[in-house]
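The values are calculated or read from the model by the stated rules, or taken from the named source; none is laboratory data. Please read these numbers as outputs of a predicted model, since none were measured by experiment. Positions of Cβ are backbone-derived with ideal geometry, glycine not excepted, and every protein chain shown enters the neighbour counts. Surface accessibility is based on the protein's heavy atoms, side chains included, excluding ligands, DNA and RNA. Shrake-Rupley method; radii C 1.70, N 1.55, O 1.52, S 1.80 Å.
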Amino acid sequence: MYKKLSYTILAATISLSFLPSIHSNHAEAAGSFSDVDSDYWAESEISFLENEGVIDGRESGEFSPEEDVARAQAAKMISNALTSNTNYNPSTTSFSDVDETFWAYEHIERTAELGAFTGKEDGSFNPNGSIQRAQVAAIIGRAFFGEQAEQSEGSTDFNDISSDFWAGGYISTLVDNEIIETSNEFRPNENATRAEVSAYLARAMEEDLDNIENSEQEETIELDDAPSNEDLAKENVVYTGEVNADTPLNVRRGPGMNYDPVTSYNDGTTVDIYGRSEEEWLKIEHEGNWAYVYNSYIEPTDDIDSEQDENTEESDSEQNGNKDEQDSETDSGEENDAGQSKSDSDEEEENEENTPDSPSDTDEDVIAKAKVTVSDFLNVRTEGNAESENTDKLYNGDIVNVIEHDSEDWALISYDNTVGYVHRHYIQEKQPGEDALKDKTIVIDAGHGDHDNGASGNGLIEKDVVLDVALEVEERLEDEDVDVVMTRSDDTFLELGERVNVAEDVDADSFVSIHANAYDASATGAESFYNNDHKAAESQELAESIQDELVSQTGMVHRRVTDAGYVVIENTTMPSSLIELGFVTNKDDSARMKEAGYADDAADAIFDGIDNYYNW
C-alpha cells in the first residue's frame, strides 16, 4: 500500500525498461499473433498478457510489437491490469477530446480517476498520442517504489540523462532495483513501443518472477525463526500502534511486497511493534510467527519509537557538546515501551500530580518563557552540566520561566516553586509578551511544478492546487512581518535536494511543504508528516498544529499525523512538516478543493497552524 498511486498494480501498467525477457517457463502458452515469433525477444511476455486478457491484437491477427504505443492503448492495458476487465460506467467526461463514443472511453476515465494519467493543459487527453520512455519510467517508479522513487536524487551512468533531468530520480531507482539495465544511453525522449510496454507490464504482473525463487527461500528462513516467549515479552515491544488505512492492511510473511500476505488488519486494529526491517517495514507477531506491515499505515498510540528517539537525541546531544550523557534519557533499567521510567498509567498519574503550572508573567527575574520540546521527558538538574544530579522531569509542552542563561547550552529555570537547570537544546524560548512569529524566516514549499504534475484526479492537478494555497500562505505570513522564502512562486520545478538547500541556505526557522494526495476513490482526508532525524519534537508539534487547523477550517477528515522519511523533511535541520491537503482522487475532497475560496481557507489554516506553533 502506498500513497500517490495504486503502486503495486500500476506498475503492472507501463513498466518499460531494458532487461532480458522473462524466462520462457514463466509464460503460459505460445501466443497466437502472426508477427510475434517464438524467438522474438518479448514473445513470452506478450503471450502471458494475451492469456490474461490484458492485450489483444489486430483483426488481421497481428500484434504490431514495434509500433509506438498510443496513450489510449496504454490506458486500456492499465485498466485491464487493474480491474480484470470489470465494467465501469464513468459519471462524467473528464477530457474534451474523449467522449462516450470513443472506443477506449471507459479505460481512459478509469485510469484518470486512479491518477495514472493526466490530461493536457487545454483539457484534452490526446488519446492517439505517444508516450515517451522517460514518462513511462516515472510511472513505473511511482508504481513500484512510491516515495522512494519520487524523492530519489540518485544518478545513473546513462550519458543522455543529466543530473538535473526531471525523471532522473525515477530512472535511477529503476536501475538500482534492476528494472532498467544500464547501458550507454537511455533515450528518454523516444517513444515506447507496444512490445516494450507489454514486456514489462507482464513482469510487473508476475511480481518479478525472476527474483521469486530467492525470496521464497528467504520466507522459509523467516518462518522457521519463530519468536520465543522471551522475544514477545512486554519489555521487547518498541511501541504499540494502530492501523490507519482506508482498505485492509496486508500483513506479510516478510519485509517486502514480494512476500505473500498471511492476513489483513482493518482500520483501527491495535498491534505491538517489535522492530523495523528494511527501514519501511514494521515487525509484528502473528499466530506464533514474525510478520510485517508497512510502516506508513501504522500510527503510534503510546509514543514515538524509543530507540529512534534515543538515536536522534543522542546525535543532537553530541552536536551540542554533551557526548557522555544524554540529557533527555531514561534511568537505566526502568524504561518502558515509550522510553519512560514508569508504566503508562503511573506516568499519567504522575503528570496529573506533578505537571508544573505555567509560570507567572509578572516575575521580575524572568528573562524568557520556554516550552519543553522533547519526545519523552527532560531532566531537571542541580547544576548546568550533564554530570549533576537529576531532581525532576519535565514533559513535552510544559511551560517554564527562564531565569538566566548559565552558558550557551544550559538555562536556569523556575516552575511551580522549583528551580533547576535544563539543556537549552530541548526548550523553545521567547520573550514574555512578544510575537514569536515576527521576524522569523519560514520556507514555504509548493510541491512539484512544471513537467511534474504530482497527483491528479477529478479535474484537479496537484501542482496547481498547492501553488495557489502556498501563495496565499506567503501573503498572510508577510503581513505578520515574517521573512517568507518560497521554493517556487510559479509553475517551475526544483529537485528535492534543491528545495532542502533553499531552507538550509537561508537558515530557516521552519519549513512547510504543501502537497495534495491521490490513491483510490475511497481514500480521504488531510494528513501531516514530520521526521525524527532533526528537531523531532518540534517538527511533530508543527505538523500537529497545522493538521488541527486544516481539519477545523477546511472541513477535511483527519487522516493522521505521523513520521515519514520524505526527503524534504528528512534533510532539513529545522522544524519541518509536509502536509497533504486532501485527496484529489476522492469525490468529496476534490469537490471541496474546487470550491471558491478553498485556497483562502487552506492558507488560513496553515498560517494559523504555524502561528499557534510559535505563539503558545
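Annotation: amide H-H contacts under 5 Å for residue 485 (H modelled 1.01 Å from N, sequence separation of 5 or more, or interchain): 442, 443, 444. If the chain linking residue 389 and residue 124 were pulled fully straight, counting 0.36 nm for each residue of separation and taking away their Cα-Cα distance, it would gain 88.4 nm.
Gain in length, residue 163 to residue 479, computed as 0.36 nm per residue apart minus the alpha-carbon separation, to one decimal in nm?
On the way: separation 316, 0.36 × 316 = 113.76 nm, distance 3.81 nm.
Result: 109.9 nm gained on full extension.
Efficiency by 1/(1 + (r/R0)^6): what FRET value for residue 262 and residue 365, r their Cβ-Cβ distance, R0 = 56 Å, to the nearest 0.05? Each step should come with its number before you reach the end.
Details: r = 62 Å, r/R0 = 1.10.
Using R0 = 56 Å, I get an efficiency of 0.35.
Under the 0.36 nm per residue contour assumption, what length would be gained going from the current alpha-carbon distance of residue 435 and residue 100 to full extension?
On the way: separation 335, 0.36 × 335 = 120.60 nm, distance 5.78 nm.
Using 0.36 nm per residue and subtracting the Cα-Cα distance, I get 114.8 nm.
Charge dipole of the stretch 368-430 (Cα centre as origin; +1 on each Lys and Arg Cβ, -1 on each Asp and Glu Cβ, all else neutral): 300 debye, rounded to the nearest 20.
Of 430/535; 369/440; 283/535; 440/535, which pairs sit farther than 19 Å apart, going by alpha carbon to alpha carbon? Mind dumping the intermediate values first?
Numbers: 430/535 17 Å; 369/440 17 Å; 283/535 26 Å; 440/535 17 Å.
Violating the 19 Å Cα-Cα cut-off are 283/535.
The amide H of residue 410, built 1.01 Å from its N in the peptide plane, has 424 as neighbours under 5 Å, considering only residues 5 or more places off or on other chains. With both residues required to sit in the stretch 441-615, DSSP beta bridges show an antiparallel share near 25%.
Annotation for residue 232 and residue 419: the two label points, set 7 Å from Cα along the Cα-Cβ direction, are 5.4 nm apart.
What accessible area per residue comes out for the stretch 441-615, rounded to a whole number of Å², with a 1.4 Å probe? Each step should come with its number before you reach the end.
Working: 5540 Å² over 175 residues.
Using a 1.4 Å probe on heavy atoms only, each residue of the stretch 441-615 averages 32 Å².
When only the Cβ of Lys, Arg, Asp and Glu is charged (+1, +1, -1, -1), the dipole of the stretch 462-616 relative to its Cα centre reaches about 740 debye.
Placing unit charges on C-beta atoms (Lys and Arg positive, Asp and Glu negative, everything else neutral), compute the dipole magnitude of the stretch 234-301 about its Cα centre in debye, rounded to 20. Can you show the working numbers first?
Working: 5 positive and 12 negative charges, 36 e Å.
So the magnitude is around 180 debye.
For the stretch 388-522, the share of accessible area belonging to carbon and sulfur comes to 38 percent (1.4 Å probe, ligands and nucleic acids excluded).
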